[in-house]
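Written below as structure tokens is the structure these notes are about.
The values are calculated or read from the model by the stated rules, or taken from the named source; none is laboratory data. Since this is a predicted model, take the numbers as computed values, not measurements. Cβ sites come from the backbone with ideal geometry, for glycine too, and all protein chains shown count toward neighbours. SASA here: full protein model, heavy atoms, side chains in, ligands and nucleic acids out. Shrake-Rupley method; radii C 1.70, N 1.55, O 1.52, S 1.80 Å.
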Amino acid sequence: MGAVTTLYHPTRDELAEHLTGEPRYRLDQVWDGLYTQLAAPADITNVPKALRERLAAELPMALTTVVRRVSDHGDTVKYLWQLHDGSRIETVLMLYPDRVTVCVSSQAGCAMACGFCATGQAGFTRHLTTGEIVEQVVAAAREARTMGRRLGNVVYMGMGEPLANEAAVWASVERLQGAVGMSARHLTISTVGIVPGINRLAERPLPVNLAVSLHAANDELRNELVPINRRYPIDQLMDACAGWLAAKGRRLSFEWALIAGVNDRTSDAAELAKLTRRFRLPAHVNLIPLNPTPGYPTVGSTPQRVAEFHHKLVDLGVNATVRRNRGTDIDAACGQLAAGQPVTLTAPRRAD
């Protein structure tokens, strides 16, 4: 099936081409309807019905709901979407007392093959388009609004490696900032360590945040947990992070999925602290107890071990917090998004 131009893909100038023959003010009405009102074409009531129908025919919605699941007393919502070619992706909306965040996918599947991640083990299908990424955010913002809340944060931490699809991801960042009106400081791009992508991000103009899925502070273990480390080893990755910090001055965080007996030892904490000191990286460390995934024989660290690891990092001068798991019971937590695809997971070696 060939590429389809969907509703949220065109730039403002490209949308104008779809409105050829209409008064110039129609562009403002449609653009405002889509990105400020968060409305589907049929609901942009100040536009003639014939034009709404034409737009719906020429620019179909990208996402068709397959399943919508709710957890945490309504504060976590996971959407399973089907795309025009049959590919499936997932999006997670999370409501907190002080903020509303959506976790969006940037690819259908993922090619990074991290052993403990259901998405990576399900394999890679294709990159998402800018419109497919943006529509996830608009759908989540629309639902948050029905709850009397405003979506304020977007994290590119769903299915896929964002910096392997950097052009479309960045175009979506620009759209969210310029059209939806979201602050770039509330947009976080995650990566497993694509060094050229981090370098490109450092050259981009908007001050987004960067989150690096680190999980190990030595190459031997990280090669096993995060295979892309063989191409971009830790020293190269840390150099890129330092360059990004120097250029942007924005928040840098390291994600660390705590796996029992693999990367949760006191020595692992000391190694991580030493690494951040060596590269002079004032990064924030997010500790994430490994979430359960079907077929994965290795388990997350116990709550006691998580607390001990956290306290050790803090004692060593590292800014660290423990992330509360959200949506684990509906497979919406970190590492669990597989869009219903079968996965075959393998365990990393356990420490001696």
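The set of residues in region 85-100 being over 18 Å from the mean Cα position of the chain (by Cα) and within 18 Å of residue 5 (Cα to Cα) consists of 85, 86. Residues in region 119-160 that are among the hydrophobic types (A, V, I, L, M, F, W, C), open to solvent by 20 Å² or more (accessible area, probe 1.4 Å) and touching a Ser or Thr at 6+ places or on another chain (Cβ under 6 Å): 155, 157. Among the residues of region 241-275, just one is β-branched (Val, Ile, Thr) and either at pLDDT 95 or above or open to solvent by 20 Å² or more (accessible area, probe 1.4 Å) (or both), namely 266.
Scanning region 63-85 for residues that are open to solvent by 30 Å² or more (accessible area, probe 1.4 Å), out of contact with any helix residue (DSSP H, G or I) (no Cβ under 6 Å at 6 or more places or on another chain), of a type outside the set (A, V, I, L, M) and in contact (Cβ under 8 Å) with a residue 40 or more places away in the chain yields a total of 4. Taking region 160-184 as the range and being assigned to a helix (DSSP H, G or I) and either acidic (Asp, Glu) or on the phi > 0 side of the Ramachandran plot (or both) as the test, the residues that pass are 166, 174. Output the residue which, of all residues in region 1-25 that are open to solvent by 30 Å² or more (accessible area, probe 1.4 Å), more than 23 Å from residue 136 (Cα to Cα) and not polar (S, T, N, Q), is nearest to the chain's Cα centre (by Cα). If we take residues in region 1-25 being open to solvent by 30 Å² or more (accessible area, probe 1.4 Å), more than 23 Å from residue 136 (Cα to Cα) and not polar (S, T, N, Q), then 17 is nearest to the chain's Cα centre (by Cα).
Condition check ((1) under 15 Å from the mean Cα position of the chain (by Cα); (2) at negative phi; (3) of a type in the set (A, V, I, L, M, F, W, C)) across all residues:
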residue	(1), (2), (3)
74	no, no, no
83	no, yes, yes
102	yes, yes, yes
115	no, yes, no
120	yes, yes, no
128	yes, yes, yes
146	no, yes, no
158	yes, yes, no
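Residues in region 37-55 that are out of contact with any helix residue (DSSP H, G or I) (no Cβ under 6 Å at 6 or more places or on another chain), assigned to a helix (DSSP H, G or I) and closer than 17 Å to residue 10 by Cβ: 51, 54.
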